[in-house]
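The values are calculated or read from the model by the stated rules, or taken from the named source; none is laboratory data. Keep in mind that this is a model prediction, so the values were computed, not measured. FYI the Cβ positions are ideal-geometry reconstructions off the backbone, even for glycines, and counts take in every protein chain you see. Heavy atoms of the whole protein, side chains included, go into the accessibility calculation; ligands, DNA and RNA do not. Shrake-Rupley method; radii C 1.70, N 1.55, O 1.52, S 1.80 Å.
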Amino acid sequence: MARVILDHISKHFGSVDAVKDFHLTVEDKEFVILVGPSGCGKSTVLRMIAGLEEPTAGTISIGDRDVSDLPPKDRDIAMVFQEYALYPHMTVYNNMAFGLQLRGFSRKEIDQRVREAAEILGIEELLQRRPKQLSGGQRQRVAVGRAIVRKPAVFLFDEPLSNLDAKLRVQMRMELSKLHDRLQATIVYVTHDQVEAMTMGTKIVVMKDGFIHQIGAPLSIYNAPVNHFVAGFIGSPIMNFIPCRIISRNGRIWLDFGDFQFSVPEGRIAGNGLLVGTDVIFGIRPNDIHELSAAPDRLTQHAFRAVIEVVEPLGSEIHLYVKAGKHSLVARIEAETPVRVHQEIELVFDLERMHIFAKEPPQQRLGTGAH
């Protein structure tokens, strides 16, 4: 396997800047996930690694080779697409073997590789079937198997689970994670689904508008998003955001939400004195909002009243959609909590886990969250 280096690559389609000064190193055996909304440039980056698109600027290296000008077949990569792209007239065995036949491998080597891949993926009994006889999950396994038999330096996955139903997506996420662990492969994986990114990747690259906004381990990005966009994109349910103003009173820093105010714990906002009078965006995740009677004692000074608008019972937890003054919030509370629509409830923020972002672009993160 090999390290991949994208050295300040850009891609322009006419007047459209799809990818802008993108710099990333994927270490050997890493599972790196490019995640972001549709149109952010993540698939374009993957296609440039594969050689299906030529960068307008910058270079691409795989291992110790500059592959920027090499055709896809010479880059030692294997790609799995969103569409399975299986040959309908061929059996599973022949679909997996076809690429090796084109490269002149012996019949014995082809048979060994196909059967090894089939065993890894648990599809040995499907080898003589045709694609129309397979379920979506089975077709996806065949597409992955076709990549495995190549034994490439780098695996590239372009939203491979988006056509599967929810249950199969969960199962295939687990299978791909196990596959990475077994093969010790270098993988670059594209998705718009932040759940896939959080559960599968060893490193996440969050993109928007062709730029990298943050790179890091999943929990690092979840706990310390660098800006408003990353904070809202990573995490489910999404982070709550409330506009507020930083004020000073009695020698302490406070957040003024208009309908209510809270004092800020020491060290939660960088450069406290300099930010007094600044309009900012307060961020708090739903799991850091507690029903008062179930909250730790240290949080009771930050209580506020809200009216429940929607109750979503999910078995292990409840999502509450509430109105606090003019602000709409989502809270995640214990499943046993007795609640109903239109009920008034007392909630409390865990301000040790709050985030503060600038109100205007680039909306950089000003406060520290939990680590």
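Filter region 169-185 for residues that are open to solvent by 40 Å² or more (accessible area, probe 1.4 Å) and either more than 16 Å from Met198 (Cβ to Cβ) or part of a loop (DSSP other than H, G, I, E, B) (or both) and give the result.
Gln171, Glu175, Lys178, Asp181, Arg182, Leu183, Gln184
Hey, does region 84-103 have a residue that's in contact with a Phe, Trp or Tyr (Cβ under 8 Å, 6 or more places away or on another chain), open to solvent by less than 80 Å² (accessible area, probe 1.4 Å) and under 21 Å from Val4 (Cβ atoms)?
no
List the pairs whose first member sits in region 74-88 and is in contact (Cβ under 8 Å) with a residue 12 or more places away in the chain and within 17 Å of Pro160 (Cα to Cα), whose second member is of a type in the set (Phe, Trp, Tyr) and buried (at least 18 other Cβ atoms within 10 Å of the Cβ), and whose Cβ atoms are under 6 Å apart, counting only residues at least 6 apart or on separate chains?
Partner pairs satisfying both residue conditions: Ala78/Phe155; Val80/Phe157.
Cβ-Cβ under 7 Å, sequence separation 6+ or interchain: first residue in region 176-187 and in contact (Cβ under 8 Å) with a residue 24 or more places away in the chain, partner of a type in the set (D, E, K, R) and open to solvent by 10 Å² or more (accessible area, probe 1.4 Å). Which pairs?
Listed pairs, sorted by first residue: Gln184/Lys29; Ala185/Lys29; Thr186/Asp28; Thr186/Lys29; Thr186/Glu30.
Does region 2-11 contain any residue that is open to solvent by 70 Å² or more (accessible area, probe 1.4 Å), farther than 30 Å from Leu127 by Cβ and in contact (Cβ under 8 Å) with a residue 40 or more places away in the chain?
yes
Looking at region 19-52, which of its residues are crowded, with 18+ Cβ neighbours inside 10 Å, touching a Lys or Arg at 6+ places or on another chain (Cβ under 7 Å), in a loop (DSSP other than H, G, I, E, B) and not acidic (Asp, Glu)?
Hits for region 19-52 are Gly36, Cys40, Gly51.
Residues checked against (1) part of a helix (DSSP H, G or I); (2) surrounded by fewer than 13 Cβ atoms within 10 Å (Cβ to Cβ):
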site	(1), (2)
Gly277	no, yes
Leu299	yes, no
Arg340	no, yes
Ile345	no, no
